[in-house]
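The values are calculated or read from the model by the stated rules, or taken from the named source; none is laboratory data. No experiment lies behind these values; they were computed from the predicted model shown. In this analysis, Cβ positions are derived from the backbone assuming ideal geometry, glycine residues included, and neighbour counts consider all displayed protein chains.
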Amino acid sequence: MVLLQISEPGRSPEPHQRRRAVGIDLGTTNSLVATVRSGTPETLLDSENQHLLPSVVHYIASGETTVGRRAYAQSADDPLNTLISIKRFMGRGIEDIKTLGSQLPYDMVASDSGMPNFNTVAGEISPVAASSEILKVLIERAELALDGQLEGAVITVPAYFDEAQRQATKDAATLAGVKVLRLLNEPTAAAVAYGLDQGGEGVIAVYDLGGGTFDISILRLSHGVFEVLATGGDSALGGDDFDRALAQWLGEQAALGDDLNPSLQRQLLMAARSAKESLSSQLQVEISVAGWTGELKREQLDRLIDPLIDKTLRACKRSLRDAGLKPEDVANVVMVGGSTRTLRVREKVTEAFGRQPLVDIDPDRVVAIGAALQADVLVGNKPGDEMLLLDVIPLSLGIETMGGLMEKIIHRNTTIPVAKAQEFTTFKDGQVAMAIHVLQGERELISNSRSLARFELRGIPPMVAGAAKIRVSFQVDADGLLNVSAKELNSGVESHVEVKPSYGLNDEDVTRMLKESYTHAREDMQARALREQQVDADRMYEDLLVALNQDGHELLSDKEYHCLEAALDDLKQVRQSTNHREIARHIEMVSKTSEEFAARRMNASIQKALTGHSLNEIEKGV
Amino acid sequence: MDFTSNYFEIFGLPAGYQVDLELLANRYHQMQREFHPDRYINKPSQEQRLAVQYAAVINQAYTELKSPLLRAQYLLSLSGIESSREASITRDSTFLMQQIELREALSEVREADEPFVVLDRVAEEARDQYADLQREFGQQYSQADVEDAVDTVAKMQFFSKLLNEVEQFEQELDGE
Ligand SMILES: Nc1ncnc2c1ncn2[C@@H]1O[C@H](COP(=O)(O)OP(=O)(O)O)[C@@H](O)[C@H]1O
Ligand SMILES: [Mg+2]
């Protein structure tokens, strides 16, 4: 069997062995991709030397797309086929976006699954599919710059994104053909960029006001560990809302009435945005739109946006309270997002925290840079690195109980990963099934929470009401994604769902869409499936080989060792074939064979970690 | 030894009510450095799955040991007493009177001329008493006075709830 070479622990791999990994900031307004090269994080440029890719996708009848600046330029001429602010629609139901729909000039239609789609000349386009177009452009940019296929990407999401919005983001990445190493909260990413840059310790507050979202996170940084203490925000509040407030004012000044056509709406919004941005560096601005010309003073803008800024400050207060801290406990306030360039925002944040916020790192790029740093650590380019991120879930998770109430099982601001279980019982004599309705939100009434999934536990043996013991278990992984299972304890009857939010895509949808995007090139799809399985097989082979070399002889009997070795050899051979199903089968087989080895290795790690404590104590003389 | 045995052992700390919170936090970070799923991206997938479970246990252990109330309940549960389940009502009538007074004060906050002042007064009083109870529990537990310890935990629960309500009021007064 061919042995792979492994570098000494702690020594970084040769440059050519570095794994290609990127951080992607998939923004409402702008998106970016960054990577770490020669130890330094940098955002990658497009062929026109631009970092920012406007998150705009323009569709034509053939289904082809343009993404970015050129798409944005079409915005007023072809509003219905130019999708902007797509992120606001991710993971949202048709009900949610009714309010948005009246503000954004789109033609939205409900899909079969109740999810809203954009109606374009290219047919119905889901927000997930549109997002994946943006991701594809960024991935292509990165693969060109790094000269090869990516190992994976860390993709950032607003901390306040709920389960459905996170899942939708992950689906978009799958559709774009990139492996998600981790979904990372945007403010946490920004804290990483600042924390590592300035080496500061203590409490950091990250205030992130972008185009469509607002996040506040309170973190404690100590010896390379970023521990999120609390997070809050509003996943539908940002600079876009400043624009809308101003556009409405402009509409009033120009006496345009209420019933505006989509093109005029876009013109007003674009004029508002550009005026707003100018006012960040000048006191007044001349505006000319829809036949109206006038002057806008900074104070007027401030008056229009003050209520919106106040809303963000209330969320800051709440998060501080959740963290059990006072404003004066905060050592550094970090500003992130284009909207923090608005001077009024800086003023009010300074006032609220009683200190000048940090703005040294470009607020447009800081999130992507933090994500790139995390990606670099995750793929193992920095062995022995001390950095660790401990993040939280932003919203409570629970299930519906009698009377339309939500029983919380995991509370907001709980550190992830987390596993919690709670027992429930039957309501009627002889009840043989139980409906489990999974919810997310803070309010008691389920009508105020988001419905994530429904499933049923069937086959409960008939008993008198209250005798059955049903344990519902929630597990949230490090991406903030939820898994729920239910089990009747007396009989052992079990049921399980990976929570695919009611509004999201299910696996079949994703597969279908993947297929659709390849209908014109069947070979492409085959080739792609093969490549994916080969990448998986290589990973598994490599990872297990390292493990086997480290601990194989110690933890396995000779027989077990050879058995696993043989399975690996097989895998290596089959990997050369072009049959992706066969490869998949072998991956599964190796996975089964190595189960026990994995358990023993973990056990050994635990023993080592626990002995570590006692050694520490001896050293300290405790 | 496995991970479900004892939260104190996970952090290499002696089982007892007195906990050095700084040391606990250090040990917590140390353990997560070892077992957080972020450390397992390049490990075999089986180990990745186990890491998610282990990291969750470490988080749970830290949450329970860090909180004065949960830690007390956890210690009792180690002695086989599920104090959080039983709606254990204390029979200490002085304590009940105090509780009623504090609750009345709280319910009048909305109508008060200076609601924040009233709220702060209630909060301070509640925090003081909560701290006293924690000291009491520590003594009772170390003297194996289980019966009184259970009663003290019941009282602590009252205060923990009350303090939560104070927070909710603060939120409400802030217009959230
Ligand atoms: N100079 C500026 N002054 C005020 N707002 C700005 C300025 N530059 C950009 N913005 C606003 O920042 C927002 C985009 O911020 P960004 O962080 O890119 O958003 P997102 O993360 O949501 O994509 C837009 O609302 C834009 O108008
Ligand atoms: Mg952003």
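Of all the listed residues (A:ASP477, A:ASP536, A:ASP507, A:ASP524), the sole one being within 14 Å of another protein chain (Cβ to nearest Cβ) and either at pLDDT below 75 or crowded, with 20+ Cβ neighbours inside 10 Å (or both) is A:ASP477. Could you please let me know if A:VAL285 is in a strand (DSSP E or B), away from ligand 2 (no atom under 16 Å from the Cβ) and away from every other protein chain (no Cβ under 14 Å)? Criteria met by A:VAL285. Could you check how many residues of the range A:48-83 are assigned to a loop (DSSP other than H, G, I, E, B), hydroxyl-bearing (Ser, Thr, Tyr) and surrounded by 14 or more Cβ atoms within 10 Å (Cβ to Cβ)? Within the range A:48-83, residues that are assigned to a loop (DSSP other than H, G, I, E, B), hydroxyl-bearing (Ser, Thr, Tyr) and surrounded by 14 or more Cβ atoms within 10 Å (Cβ to Cβ) number 2.
Can you pull out the strands (runs of 3 or more DSSP E) entirely within the range A:313-406 that have at least 2 residues that are away from every other protein chain (no Cβ under 14 Å) and out of contact with any Gly (no Cβ under 9 Å at 6 or more places or on another chain)?
A:332-336, A:397-401
Summed over the range B:127-176, residues that are within 14 Å of chain A (Cβ to nearest Cβ), under 15 Å from the mean Cα position of the chain (by Cα) and without any contact (Cβ under 8 Å) to a residue 40 or more places away in the chain total 2.
Only one of the numbered conditions (1) surrounded by 15 or more Cβ atoms within 10 Å (Cβ to Cβ); (2) more than 12 Å from every other protein chain (Cβ to nearest Cβ); (3) at pLDDT below 90 is not met by A:LEU555, and that is (3). For A:GLN431, the requirement of being away from chain B (no Cβ under 14 Å) and at pLDDT 85 or above is met. For A:GLY398, the conditions (1) under 17 Å from the mean Cα position of the chain (by Cα); (2) more than 13 Å from ligand 1 (Cβ to nearest atom) are fulfilled apart from (1).
Please go through the range A:36-47 and pick out each residue that is in contact with a His (Cβ under 7 Å, 6 or more places away or on another chain) and surrounded by fewer than 18 Cβ atoms within 10 Å (Cβ to Cβ). Outline the logic, then answer.
Residues of the range A:36-47 that are in contact with a His (Cβ under 7 Å, 6 or more places away or on another chain), as a first pass: A:43, A:45.
A:LEU45 - this is the single residue of the range A:36-47 that is in contact with a His (Cβ under 7 Å, 6 or more places away or on another chain) and surrounded by fewer than 18 Cβ atoms within 10 Å (Cβ to Cβ).
Candidates are the residues of the range A:251-267 that are farther than 15 Å from A:LEU301 by Cα and not in a loop (DSSP other than H, G, I, E, B); the one that is nearest to ligand 2 (Cβ to nearest atom) is A:ARG266. Please work out if A:ASP302 is crowded, with 19+ Cβ neighbours inside 10 Å, in contact (Cβ under 8 Å) with a residue 40 or more places away in the chain and not aliphatic (A, V, I, L, M). Criteria not met by A:ASP302. Evaluate the following for B:THR94: is it more than 14 Å from every other protein chain (Cβ to nearest Cβ) and surrounded by fewer than 21 Cβ atoms within 10 Å (Cβ to Cβ)? Yes. Applying the set (1) in contact (Cβ under 8 Å) with a residue 40 or more places away in the chain; (2) more than 14 Å from chain A (Cβ to nearest Cβ); (3) under 17 Å from the mean Cα position of the chain (by Cα) to B:VAL122 leaves exactly one unmet item: (3). For the range A:314-369, residues that are more than 18 Å from A:SER281 (Cα to Cα), within 16 Å of ligand 1 (Cβ to nearest atom) and among the basic types (Lys, Arg) total 1.
Pairs are defined by a Cβ separation below 8 Å, a sequence spacing of at least 6 or placement on different chains, a first member in the range B:41-56 that is more than 7 Å from chain A (Cβ to nearest Cβ) and closer than 17 Å to A:LEU388 by Cα, and a second member that is of a type in the set (D, E, K, R) and surrounded by 20 or more Cβ atoms within 10 Å (Cβ to Cβ); the pairs so defined are B:ALA51/B:ARG39; B:ALA51/B:LYS43. Taking (1) in contact with a strand residue (DSSP E or B) (Cβ under 6 Å, 6 or more places away or on another chain); (2) in contact (Cβ under 8 Å) with a residue 40 or more places away in the chain in turn, A:LYS297 satisfies each apart from (2). Going by the structure shown, is B:GLN171 polar (S, T, N, Q), in a helix (DSSP H, G or I) and buried (at least 16 other Cβ atoms within 10 Å of the Cβ)? No; evaluated as a whole, the condition is false for this residue. Which members of the range B:77-88 meet the condition of being more than 21 Å from B:GLN129 (Cα to Cα) and either at pLDDT 95 or above or away from every other protein chain (no Cβ under 13 Å) (or both)? Across the range B:77-88, the qualifying residues are B:SER77, B:LEU78, B:SER79, B:GLY80, B:ILE81, B:GLU86. If you take the residues of the range A:480-501 that are more than 16 Å from the chain's Cα centre (by Cα) and assigned to a loop (DSSP other than H, G, I, E, B), which of them is modelled with the highest pLDDT? Selected residue: A:LEU489.
Based on what the data block shows, is A:ALA468 in a loop (DSSP other than H, G, I, E, B) and over 14 Å from A:ALA421 (Cβ atoms)? So A:ALA468 passes the test. Within the range A:180-236, being within 14 Å of ligand 1 (Cβ to nearest atom) and surrounded by fewer than 22 Cβ atoms within 10 Å (Cβ to Cβ) holds for A:ASP234, A:ALA236. Collect the residues in the range B:8-40 that are more than 18 Å from A:LEU389 (Cα to Cα), within 8 Å of chain A (Cβ to nearest Cβ), touching a residue at least 24 places away in the same chain (Cβ under 8 Å) and not aliphatic (A, V, I, L, M), keeping them in residue-number order. Passing the criteria: only B:PHE11.
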